[in-house]
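Bear in mind that the values in this text are calculations on the coordinates, not laboratory data. Quick caveat: nothing in here was measured; it's all calculated off a predicted structure. We place every Cβ from the backbone using ideal geometry, glycine too, and count neighbours over all the protein chains shown.
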Amino acid sequence: MENKNMKTLTAKDLQQVSTASRVMGILVKIGTYAFLIAMALIVLFPFYWMIISSLKSTAEYRRNIPTFWPEQFVFANYAQAFEEGNLWQLFKNTAFVGVVSTILSLVITILSAFAFARLEFKGKDLMFGALLATMMIPGELFTITNYLTVTNLKWIDTFAALIVPFLVSVFYIYLLKQNFMQIPNELYLAAKVDGTSDLKYLWKVMIPLALPTLISITILKMMGAWNSYIWPKLVTKKESMMLVTNGLRNAFTSVDGQANIPVQMAAVAIVSAPLFMVFLFLRKYIMAGVSRSGIKG
Amino acid sequence: MVESKHQWKAWLYLSPAIILLLVFTVWPIINTVAMAFQNNYTAGLGTAKGVKIAYEIGVENFVNVLQYENFGQILKNTMLLCVATVPISTVLALLIAVALNSIRPLQKFLQTIFFLPYVTNSIAIGMVFAAMFNIIGLREGNTVADTWGIINNAIMLFGGKPINWINQGSTYWANMVVMIVYIVWNALPFKILVLLGGLQSINKQYYEAARVDGTSRRRILTRITVPLLSPMIAYVVITGFIGGFKEYSSIVGIFGDTMGPKSEPGRLNTMVGFIYDSLNAGTIGAQGKASAAALLLFGIILVVTMINLQVSKKRVHY
């Protein structure tokens, strides 16, 4: 009897509570979406402004009341940006530095990670600890001496100066070593029994299994080449050797006065486009790599 | 036999990494410390004539850095940017991450949008921000302009007065506001990514238990989400401070190499900017000064990180 009474009471109660909480829930949902969409629009606004400004004529850009969609699409801005910023040359330099340094860096990283993950040798732990310790030191400390070293080697205005000092990344070695360690040792021993050489085993087994990490490293390294500013600025004096970021800042310096902002924005859009493309296609790898590294580039 | 062969092989595989690290990582650490403690060390001085200069050992480089007339300003800029941008971007990123975590439809899409600023070039997009704040063609006692810039247009739409943000004659605080907005915009994606990853790994049972108890949403946020997320929050705060003390290229992005409006070059210079200015100065003692400044920066970052870790030891629930 009593039990039955309880049941009806709770059912009624629950219904009341659930309508109230459902209304509340919907309001919270609406608020959440409104907040997120507002923030997303703020985040996107600079990109939107860059693109529409890059397509305006100078006269339209300078109008007192801004237009939010170009009245006339001035694609000539892009051609002018290419020419004025010497962007082809910058793209070629950056792509060359990016590709060469990525390939060499991958080879070095794979070999080191393999040694740390699979081979036994004296002082392994000490060595690895020492490597990790260097990660705590800010890059500015290295840059000063490296600049002097590169100058002494007469590497100023050469690709070597842009590539060699940054080939080894302790973080990537660490990342790949962790990944290699997850591959069962039995596979390696079995391969040894079959007489497979280390390099063949690396190439046939470990690299395919660690591919996602390797792709993350590749993308972060390429992004690094694309975005680096301080070091290329130090070691390149000739315009023909500059990388894209320096060239961009160099060619379109003036903030004040008569700057042709539409052309500037076109140049910025051209420079940003490749990274966006890469991001759209390889989002998963970039986000996985970044959340583990915490470094830009 | 097999063992010794492996030993030899391991070192062979490691050799490219070790050689490069010795030249470009280990040697720089030693050499930079050495340069910092040799009074007025100047790279290449005398080498052309084959003379080896014996420098006195001392702390004069550090004294030179500290006595540099603009050092106070540089330290103030660096600190201000850190103290302002880290809390703002962390709180904002936390709110966005919590909101993102609570929705299903559009989650992936919005997450991608919030990550977009990360894949940009901080110099290039700095130029876009500069254009948004830039006033062109200012005339007649600073009252008429060709274009006030889209930010000022928005301010005027809401009845405010246009502000000279970055042009000649702009105030220090206006410049700072622009820098803070830009740095926060730039810092959000990484923080959102890390915090959202942390949120998604929180055990759902905590929330179910809270729901059974009828806990309010705010209590769930402050008593469950934030404590369980605290290691991730500590991580983004610490990396945020480290990044903040090394702020440089975002300022170049907006103001160019002048590190300030045309009328006030160097007004927004930071520690890193100071190191590179010294390195390239070509004056006597330039490299010693740069090395000393780099060591000082390292010291500051170390102390701040220690404080951060100490605070998080008390607050973070692992």
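To the nearest 20 Debye, how big is the dipole of chain A about its Cα centre, given +1 on the beta carbon of each Lys and Arg and -1 on that of each Asp and Glu?
Details: 26 positive and 15 negative charges, 115 e Å.
Taking the Cα centre of chain A as origin, the dipole is about 560 debye.
Specify the inter-centroid distance of the stretch A:178-214 and the stretch B:210-255, based on alpha-carbon positions, in whole Å.
39
State the extension gain, in nm to one decimal, for the chain segment bounded by B:Val26 and B:Ala281, taking 0.36 nm per residue of separation less the distance between their alpha-carbons.
Details: separation 255, 0.36 × 255 = 91.80 nm, distance 2.50 nm.
Contour length minus Cα-Cα distance gives 89.3 nm.
Only counting other Cβ atoms within 10 Å, I'd like B:Ile183, B:Ile233 sorted with the fewest neighbours first. Mind showing how you got there, number by number?
Working: B:Ile183 26, B:Ile233 22.
Ranked by crowding around the Cβ, least crowded first: B:Ile233, B:Ile183.
Would you please state which residues of the stretch B:220-251 a label at B:Ser201 would reach in this model, taking the label point 7 Å out along Cα→Cβ and a backbone N cut-off of under 17 Å?
Correct set: B:225-239.
Cross-link candidates for B:Lys289: which lysines have Cα within less than 25 Å, leaving aside residues fewer than 8 places away along the same chain?
Within reach: A:Lys154, A:Lys233, A:Lys237, B:Lys49, B:Lys52, B:Lys76, B:Lys246.
For an R0 of 22 angstrom, estimate the FRET efficiency from the Cβ-Cβ distance between A:Arg283 and B:Arg223 and round to the nearest 0.05. Present the calculation step by step, with values, prior to reporting the outcome.
Details: r = 34 Å, r/R0 = 1.54.
According to the calculation, E is roughly 0.05.
If you find the alpha carbon centre of the stretch B:79-108 and of the stretch A:39-105, how far apart are they in angstrom?
The two parts, judged by their Cα centres, are 28 Å apart.
Grab the Cα-Cα distance for A:Ile30 and A:Ala76, subtract it from 0.36 nm times how many residues apart they are, and report the gain in nm with one decimal. Write out the running numbers ahead of the final one.
Values: separation 46, 0.36 × 46 = 16.56 nm, distance 4.35 nm.
Extending this stretch completely gives an extra 12.2 nm.
Projecting each Cα onto the charge dipole of chain B (Lys/Arg +1, Asp/Glu -1 at the beta carbon, about the Cα centre), which of B:Ala93, B:Leu295, B:Gln200 comes out farthest on the positive side?
Positive-end residue among those listed: B:Gln200.
Counting only C-alpha contacts under 8 Å and six or more residues apart, can you give the relative contact order of chain A as a whole percent? Provide the component values of the computation, followed by the final result.
Working: 244 pairs, mean separation 88.1, N = 297.
Relative CO of chain A lands at 30 percent.
In whole percent, what relative contact order does chain B give with Cα contacts below 8 Å and a gap of six or more residues?
Working: 361 pairs, mean separation 88.6, N = 318.
Result for chain B is 28 percent.
Go through B:Asn308, B:Gly285, A:Gln16 and say which Cα lies farthest out towards the positive end of the charge dipole of the protein assembly as shown; charges sit on Cβ, +1 for Lys and Arg, -1 for Asp and Glu.
Going by the Cα projections, it comes out as A:Gln16.
Find, among the trypsin sites (Lys or Arg not before Pro) in the stretch A:33-79, those assigned to loop by DSSP (not H, G, I, E, B) with at most 14 other beta-carbon atoms within 10 angstrom.
Details: sites: A:Lys56, A:Arg62, A:Arg63; in loops: A:Lys56, A:Arg62, A:Arg63.
Of the trypsin sites (Lys or Arg not before Pro), the ones in loops of the stretch A:33-79 whose Cβ has at most 14 other Cβ atoms within 10 Å are A:Arg63.
So if I average 1/r over every pair of distinct C-alpha atoms in the stretch B:72-214 and take the inverse, what Kirkwood radius in Å does that give? Mind dumping the intermediate values first?
On the way: mean 1/r = 0.0556 Å⁻¹.
About 18.0 Å, per the Kirkwood formula over Cα pairs.
Quote the charge dipole size of the stretch A:176-255 about the Cα centre in Debye, to the nearest 20; the model charges only the Cβ of Lys and Arg (+1) and of Asp and Glu (-1).
Details: 9 positive and 4 negative charges, 76 e Å.
Roughly 360 debye, rounded to the nearest 20.
Computed from the mean reciprocal separation of all distinct C-alpha pairs, what Kirkwood hydrodynamic radius does the stretch B:72-133 have, in Å?
Working: mean 1/r = 0.0704 Å⁻¹.
Computed over Cα pairs of the stretch B:72-133, the Kirkwood hydrodynamic radius comes out at 14.2 Å.
Just checking the output field for A:120-128: average partner chain Cβ neighbours within 10 Å of each residue's Cβ? Could the numbers behind the result be given before it?
Details: counts 4, 10, 3, 3, 3, 0, 0, 4, 0.
Mean partner-chain Cβ count within 10 Å for A:120-128: 3.
Kindly put A:Ile26, B:Ile151 in sequence by how many other C-beta atoms sit within 10 Å of each C-beta, fewest to most. Can you show the working numbers first?
Working: A:Ile26 10, B:Ile151 19.
Arranged by neighbour count, lowest to highest, A:Ile26, B:Ile151 become A:Ile26, B:Ile151.
Quick one: work out Rg over Rh on the C-alpha atoms of the protein assembly as shown, Rh as Kirkwood radius.
Numbers: Rg = 27.5 Å, Rh = 27.1 Å.
Ratio of gyration radius to Kirkwood radius for the protein assembly as shown: 1.01.
Per residue, what volume in Å³ does the Cα convex hull of the stretch B:193-304 take up? Intermediate results must be reported in sequence, preceding the final value.
Working: hull volume 15.1 nm³, N = 112.
It comes to 135 Å³ per residue, whole-number rounded.
Give the Kirkwood hydrodynamic radius (Å, one decimal) of the stretch B:1-149, defined as one over the mean of 1/r across all pairs of different Cα atoms.
Working: mean 1/r = 0.0434 Å⁻¹.
Computed over Cα pairs of the stretch B:1-149, the Kirkwood hydrodynamic radius comes out at 23.0 Å.
Mind checking the mean number of beta-carbon atoms from other chains within 10 Å of the Cβ atoms in B:292-301? Provide the component values of the computation, followed by the final result.
Numbers: counts 0, 2, 9, 3, 0, 3, 5, 0, 0, 4.
Taking the mean over all residues of the peptide, I get 3.
Taking the Cα centre of the stretch A:3-144 as origin, sum charge times position over the Cβ atoms of Lys and Arg (+1) and Asp and Glu (-1), and report the length of that vector in debye to the nearest 20. Intermediate results must be reported in sequence, preceding the final value.
Numbers: 12 positive and 8 negative charges, 188 e Å.
Dipole size: approximately 900 debye.
Can you sort B:Glu69, A:Glu120 so the residue with the fewest Cβ neighbours within 10 Å comes first? Kindly include the intermediate steps, with their values, before the conclusion.
Numbers: B:Glu69 6, A:Glu120 10.
Least to most surrounded, the residues fall as B:Glu69, A:Glu120.
When you count, for each residue, the other Cβ atoms within 10 Å and take the mean per peptide, how do B:249-258, A:170-179, B:53-62, A:90-99 rank with the highest first?
Result, highest mean first: B:249-258, A:170-179, A:90-99, B:53-62.
Using only Cα atoms, locate the centre of the stretch A:217-291 and the centre of the stretch B:115-189, then give the distance between them in Å, rounded to an integer.
21
Fully extended, how many nm does the chain gain between A:Thr196 and A:Thr67 (0.36 nm per residue separation, minus their Cα-Cα distance)? Let's see the in-between values first.
Details: separation 129, 0.36 × 129 = 46.44 nm, distance 6.70 nm.
Stretched fully, the A:Thr196-A:Thr67 segment lengthens by 39.7 nm.
For chain B, report the convex hull volume of the alpha-carbon atoms normalised per residue, in Å³, without decimals.
Numbers: hull volume 76.0 nm³, N = 318.
Cα convex hull per residue, to the nearest whole number: 239 Å³.
For the stretch A:101-215, what number results from the quotient of the Cα radius of gyration and 2.2 N^0.38 Å?
Details: Rg = 16.8 Å, N = 115, 2.2 N^0.38 = 13.4 Å.
Normalised by 2.2 N^0.38 Å, the Cα Rg of the stretch A:101-215 equals 1.26.
Filter the trypsin sites (Lys or Arg not before Pro) in the stretch A:100-129 down to the DSSP loop ones having no more than 11 other Cβ atoms within 10 Å, then list what survives. Walk me through the numbers on the way to the answer.
Working: sites: A:Arg118, A:Lys122, A:Lys124; in loops: A:Lys122.
In loop regions of the stretch A:100-129 (DSSP not H, G, I, E or B), the sparsely surrounded trypsin sites (Lys or Arg not before Pro) are A:Lys122.
Just to confirm the filter: which trypsin sites (Lys or Arg not before Pro) across the stretch A:200-292 are DSSP coil and have at most 12 other Cβ within 10 angstrom of their Cβ? The partial results should precede the final answer.
Values: sites: A:Lys200, A:Lys204, A:Lys221, A:Lys233, A:Lys237, A:Lys238, A:Arg249, A:Arg283, A:Lys284, A:Arg292; in loops: A:Lys237, A:Lys238.
Answer by residue number: A:Lys237, A:Lys238.
Specify, per residue and in Å³, the volume enclosed by the convex hull of the alpha carbon atoms belonging to chain A.
Details: hull volume 77.9 nm³, N = 297.
Normalising the Cα hull of chain A by residue number yields 262 Å³.
Quickly rank A:262-268, B:187-193 as a protection proxy: mean count of other C-beta atoms within 10 Å, highest first. Intermediate values should be presented prior to the final figure.
On the way: A:262-268: 27.6, B:187-193: 25.0.
Result, highest mean Cβ count within 10 Å first: A:262-268, B:187-193.
For the stretch A:150-297, take every pair of Cα atoms, bin their distances at 5 Å starting from 0, and report each bin as a whole percent.
Going from the shortest bin to the longest, the percentages are 2, 8, 13, 14, 14, 14, 12, 9, 6, 4, 2, 1, 1, 0, 0.
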